[in-house]
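Participant: I'd like to ask you about the structure that follows.
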Amino acid sequence: MSVTESQEVAMESAIGQTQRVDDVLSLTPARHLAATFDRDGADLVAGAPLPPGWQWLYFLDAPQSAVIGHDGRTVPGGFLPETGLPRRMWAGGVFEFHEPLRLGEAATCETVITDVARKQGRSGALVFITTEHRVSQKGVRAVTETRNLVFREAPRPGEVSRREEPQHKAKWRREITPDAVLLFRFSALTFNGHRIHYDIDYCRDEEGYPGLVVHGPMLALMMLDLAEREMPERAISGFRYRAVSPVFTPDSFAVCGLPTGDQSAALWIENSEGGLATTAEVTFA
């Protein structure tokens, strides 16, 4: 699929574009995510620290229904530039946790587009968009996030995802069997209308997927959640993750981890066949 000259110009001119969103870190979304993750949310009270990564529940895009594209997610002329490519996926990202975010208090997220890069991969044309998100509370930076999105061409007949093997043997392991209800709850909490997470006909007929796609951000948060469950006494200071291959319903997957030192641990997602779906590293303060 070719990219038009106007799209090329829009992508280049988008670098440096900034937006600011103010929000209140209300209790309800955090408690609902805790329930979704089978986690006791009794500690999620006003003034308590928001679990790491859970700022994704706030500062959400909320375009009017009339402007949303056929995929349920794309907004032509929105903050992100149009790429001319139909498939959008999370490629990975980095978190730095500087200070705790406090529930019940106002916060601000400033987002800047830092890079737009076109590449050619085995599956065809790719466009990577990198954004930096700076979350502050009371004028103090609490979280810095670098987010990498990838836009791809439509699927080709017989296209197969590459396979990577886990590099570690898990010490921590949590088995998850995803279903449409789990995906619906996470989509609702993040106001994500992307049809790959709930419309099975769209997944199969238009995106070429065998089942509903488990959210990349949910997999990332589940890895952080595992680190918190296994190391509750340690504060998380950093997190880096990379998507390798998609996970689909109804296949089970495992959230895995292994300490790699006094201040770090390897985290990863294994798919139902034991292959690597997502890899990550967490650091502790």
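Participant: Just how large is the dipole of the stretch 167-284 about the Cα centre, in debye to the nearest 20, putting +1 at every Lys and Arg Cβ and -1 at every Asp and Glu Cβ?
Facilitator: About 360 debye.
Participant: On to the next question. Quick one: Karplus J couplings for the stretch 114-125, per residue in order, coefficients 6.51, -1.76, 1.60, θ = phi - 60°, nearest Hz, x for Gly and Pro?
Facilitator: In residue order, the calculated couplings are 9, 6, 9, 10, 9, 9, 10, x, 4, 8, x, 5 Hz.
Participant: In whole Hz, what ³J(HN,Hα) sequence does the stretch 229-243 give by Karplus (6.51, -1.76, 1.60; θ = phi - 60°), x for Gly and Pro?
Facilitator: Calculated HN-Hα couplings, in order: 5, 8, 10, x, 8, 10, 7, 7, 10, x, 7, 10, 9, 9, 7 Hz.
Participant: Something else now. Which is the longest stretch in the chain that no exposed loop site breaks, taking sites as chymotrypsin sites (Phe, Trp or Tyr not before Pro) with a DSSP loop state and at most 16 other Cβ atoms within 10 Å?
Facilitator: Looking at the chain, 80-190 is the longest stretch - no exposed chymotrypsin sites (Phe, Trp or Tyr not before Pro) with at most 16 other Cβ atoms within 10 Å.
Participant: Could you work out the percent of alpha carbon pairs in the stretch 5-284 separated by over 27 Å, rounded to a whole number?
Facilitator: Here the long-distance tail beyond 27 Å is 39 percent of all Cα pairs in the stretch 5-284.
Participant: Scan around A125 for amide H atoms under 5 Å from its own, H built in the peptide plane at 1.01 Å from N, and keep only partners 5 or more places away or cross-chain.
Facilitator: Distant-sequence amide H within range of A125: E153.
Participant: Report the gain in length on full extension from R162 to D38: 0.36 nm times residue separation, minus Cα-Cα distance, nm rounded to one decimal.
Facilitator: Value of the extension gain: 41.5 nm.
Participant: On to the next question. Hey, which aspartates and glutamates would be in cross-link range of K119, C-alpha to C-alpha under 20 Å, not counting anything within fewer than 8 residues on its own chain?
Facilitator: Within the straight-line cut-off, K119 pairs with E5, E8, E12, E82, E153, E159.
Participant: Follow-up. Only Lys, Arg, Asp and Glu count, each charged at its Cβ (+1, +1, -1, -1), so figure out the dipole size of the stretch 5-284 about its Cα centre, rounded to 20 debye.
Facilitator: 280 debye
Participant: Another question about this same structure. Please give the net charge around A14, taking every other residue with its beta carbon less than 12 angstrom from that of A14, where Lys and Arg add +1 and Asp and Glu add -1.
Facilitator: Net charge around A14: -4.
Participant: Can I ask one more? Would you calculate, for the chain, the mean residue ellipticity at 222 nm contributed by helices, counting each DSSP H stretch of 4 or more residues as -39,500 (n - 2.57) and dividing by all residues, to the nearest 500?
Facilitator: So the helix-based figure for the chain works out to -5000 deg cm²/dmol.
Participant: Calculate the FRET efficiency for E233 and E99 from the Cβ-Cβ distance with a Förster distance of 22 Å, rounded to the nearest 0.05.
Facilitator: After rounding to 0.05, the efficiency reads 0.70.
Participant: Could you tell me the relative contact order of the chain? Use alpha-carbon pairs under 8 Å, at least six residues apart, and round to a whole percent.
Facilitator: Relative contact order, the chain: 19 percent.
Participant: OK, next. Hey, what do the phi angles of the stretch 203-220 turn into as Karplus ³J(HN,Hα) couplings, whole Hz, using 6.51/-1.76/1.60 and θ = phi - 60°, x for Gly and Pro?
Facilitator: Karplus-based 3J(HN,Hα) across the stretch 203-220 equals 4, 6, 7, 10, 9, x, 8, x, x, 5, 8, 6, 4, x, x, 5, 4, 4 Hz.
Participant: Moving on to the next point. Quick check: residue separation of V45 and S245 times 0.36 nm, minus the Cα distance between them. What number comes out in nm?
Facilitator: Gain on stretching V45 to S245: 68.4 nm.
Participant: Considering only the chain, what is the antiparallel percent among its DSSP beta bridges, to the nearest 5?
Facilitator: Looking only at bridges with both residues in the chain, the antiparallel portion is about 100 percent.
Participant: Quote to one decimal, in nm, the extra length available between V181 and H70 on full extension: 0.36 nm per residue of separation minus the C-alpha distance between them.
Facilitator: Working it through step by step, the gained length comes to 37.7 nm.
Participant: Amide H of G92 versus every other amide H placed in the peptide plane: which residues, excluding those fewer than 5 positions away on the same chain, fall under 5 Å?
Facilitator: Amide H to amide H, under 5 Å and 5 or more residues apart or across chains, G92 pairs with N148, A243.
Participant: Can you list residues from other chains, or at least 5 along the same chain, whose modelled amide H is less than 5 Å from the amide H of L44?
Facilitator: Those qualifying (amide H under 5 Å, at least 5 residues apart or on another chain) number zero.
Here, each number is a calculation from the coordinates, and none is a lab measurement. All figures in this text were calculated on a predicted structure; none of them were measured in a lab. Positions of Cβ are backbone-derived with ideal geometry, glycine not excepted, and every protein chain shown enters the neighbour counts.
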